[in-house]
1. As an exercise: evaluate A:Lys10 against (1) farther than 21 Å from B:Ala125 by Cβ; (2) part of a loop (DSSP other than H, G, I, E, B); (3) not hydrophobic (A, V, I, L, M, F, W, C) and give the number of the one condition it does not meet.
2. Considering only the stretch A:25-70, how many residues are away from chain B (no Cβ under 14 Å), open to solvent by less than 80 Å² (accessible area, probe 1.4 Å) and either part of a helix (DSSP H, G or I) or farther than 17 Å from A:Lys9 by Cβ (or both)?
3. State all residues of the stretch B:131-147 that are out of contact with any strand residue (DSSP E or B) (no Cβ under 8 Å at 6 or more places or on another chain) and open to solvent by 10 Å² or more (accessible area, probe 1.4 Å); if no residue qualifies, say none.
4. Have a look at B:Ser114, B:Ser172, B:Ser163, B:Ser119 and point out the one that is surrounded by fewer than 19 Cβ atoms within 10 Å (Cβ to Cβ), in a helix (DSSP H, G or I) and polar (S, T, N, Q).
5. Under the condition of being polar (S, T, N, Q) and touching a residue at least 40 places away in the same chain (Cβ under 8 Å), which residue from the stretch A:41-80 is farthest from B:Arg120 (Cα to Cα)?
6. For the stretch B:43-80, what are the residues that are free of Cβ contacts under 8 Å to residues at least 40 places away in the same chain, part of a helix (DSSP H, G or I), out of contact with any Gly (no Cβ under 7 Å at 6 or more places or on another chain) and open to solvent by 50 Å² or more (accessible area, probe 1.4 Å)?
7. Which pairs do you get when a residue that is away from chain A (no Cβ under 12 Å) and farther than 21 Å from B:Phe222 by Cα, found in the stretch B:120-135, comes within reach of a residue that is part of a helix (DSSP H, G or I) and open to solvent by 30 Å² or more (accessible area, probe 1.4 Å), reach meaning Cβ atoms under 8 angstrom, with the pair 6+ apart or on two chains?
8. Residues of the stretch A:1-14 being within 14 Å of chain B (Cβ to nearest Cβ) and either under 17 Å from A:Ala75 (Cα atoms) or more than 9 Å from the chain's Cα centre (by Cα) (or both), which ones?
Amino acid sequence: MENIEQRIKKIVAEQLGVNEAEVKNESSFVNDLGADSLDTVELVMALEEEFECEIPDEQAEKINTVQEAIDYVTANTSAS
Amino acid sequence: MENKITLITGASRGIGQAIAIKLGQSGAVVIGTATTENGVSTINQYLEKSGIKGMGIALNVNDAEQINHALQTIREKFGEVEILVNNAGITRDNLLVRMKDEEWDDILETDLKSVFRLSRAVLRAMMKARYGRIINISSVVGAMGNLGQANYAAAKAGMFGFSKSLAREVGSRNITVNCVAPGFIDTDMTRALADEFQQSLIQHVPLGRLGRPEEVASAVAFLASSAAGYITGTTLHVNGGMYMD
């Protein structure tokens with residue numbers, strides 16, 4: 001079973017159409033991985049689906065990097 | 001439009017009904033909304049009579065809860081909405097100097113805010129599917145104004161700006177957003193007008209007659225079809241030449 005970090009990096013790579021090797025913990029979706037604002041909405045939708053949770057908009061807005069996504073999922077789901 | 005899941009608000013009569021039948025005959029699965037149970041059974045009756053797959057559903061477009069509930073029902077029975085036709089609308093005519101706040105608010109809420117609410121509610125699934133068609137039924141009045149209808153004209157003109165903005169936002173996801181702006185169409189809404197007013201209206205229509213609901217429905221069917229896949233952020237005027245853009 002892959003851990004949260006691996007699962008999130010895989011989703012980010014898939015959603016943003018980038019190579020998984022480019023996806024680092026500190027990568028910003030917009031600044032480093034070329035996401036536009038709609039991509040970030042879809043990314044959150046994909047995370048919700050993968051981890052079977054609902055991420056409220058005001059929380060979603062604070063998830064700007066891979067690490068922030070990992071932290072959010074770790075703290076708010078039972079996936080770990 | 002084969003088996004495309006289509007939601008049409010205000011589908012119990014008039015233009016909405018004509019759109020529902022036209023899209024249904026083109027193969028779409030049609031879910032039509034009405035505010036009353038009576039309206040719902042009217043929809044169910046004509047869908048069945050025309051051999052169209054789908055159903056009528058009760059919905060007050062001003063109620064966010066009801067919108068979620070309706071979409072949930074549609075999801076369970078048919079799947080996610082792929083084509084949305086925002087057709088529901090009302091009028092509360094009055095000269096502006098006499099217009100009450102409620103008359104303004106009712107129209108903006110029912111005719112414009114509902115478009116925002118419903119579009120937002122179907123958008124995520126459309127983004128995910130990389131396919132969607134949103135067609136907003138505006139009015140010639142939104143383009144040229146009409147005395148006694150400052151509220152209605154504001155709401156209908158608001159749809160143009162809304163549609164253009166949304167078209168820009170979601171174009172990259174293969175979702176198109178357009179308006180159809182009917183002129184004076186032969187429906188209950190225009191039949192309520194006095195005869196001499198109707199006659200004077202027709203004088204301003206180069207084609208010399210009221211439009212038929214089916215003629216509006218054809219424009220909607222075109223925008224919903226794959227033939228219109230490269231058209232977004234625009235308005236199709238169906239008004240007999242009464243207003244030329």
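The values are calculated or read from the model by the stated rules, or taken from the named source; none is laboratory data. All values reported here derive from a predicted model rather than from experimental measurement. Every residue, glycine among them, receives a Cβ derived from its backbone with ideal geometry; neighbour counts consider all protein chains shown. Each accessible area value is taken on the protein alone, full model and side chains, heavy atoms only, with ligands, DNA and RNA left out. Shrake-Rupley method; radii C 1.70, N 1.55, O 1.52, S 1.80 Å.
1. (2)
2. The total comes to 8.
3. Result: B:Met144, B:Gly145, B:Asn146, B:Leu147.
4. Selected residue: B:Ser172, the only one of B:Ser114, B:Ser172, B:Ser163, B:Ser119 that is surrounded by fewer than 19 Cβ atoms within 10 Å (Cβ to Cβ), in a helix (DSSP H, G or I) and polar (S, T, N, Q).
5. So, considering only residues that are polar (S, T, N, Q) and touching a residue at least 40 places away in the same chain (Cβ under 8 Å), the one farthest from B:Arg120 (Cα to Cα) is A:Ser80.
6. Matches in the stretch B:43-80: B:Gln45, B:Glu48, B:Lys49, B:Glu65, B:Gln66, B:His69, B:Gln72, B:Arg75, B:Glu76, B:Lys77.
7. B:Ala121/B:Asn68
8. The answer is A:Glu14, and nothing else.
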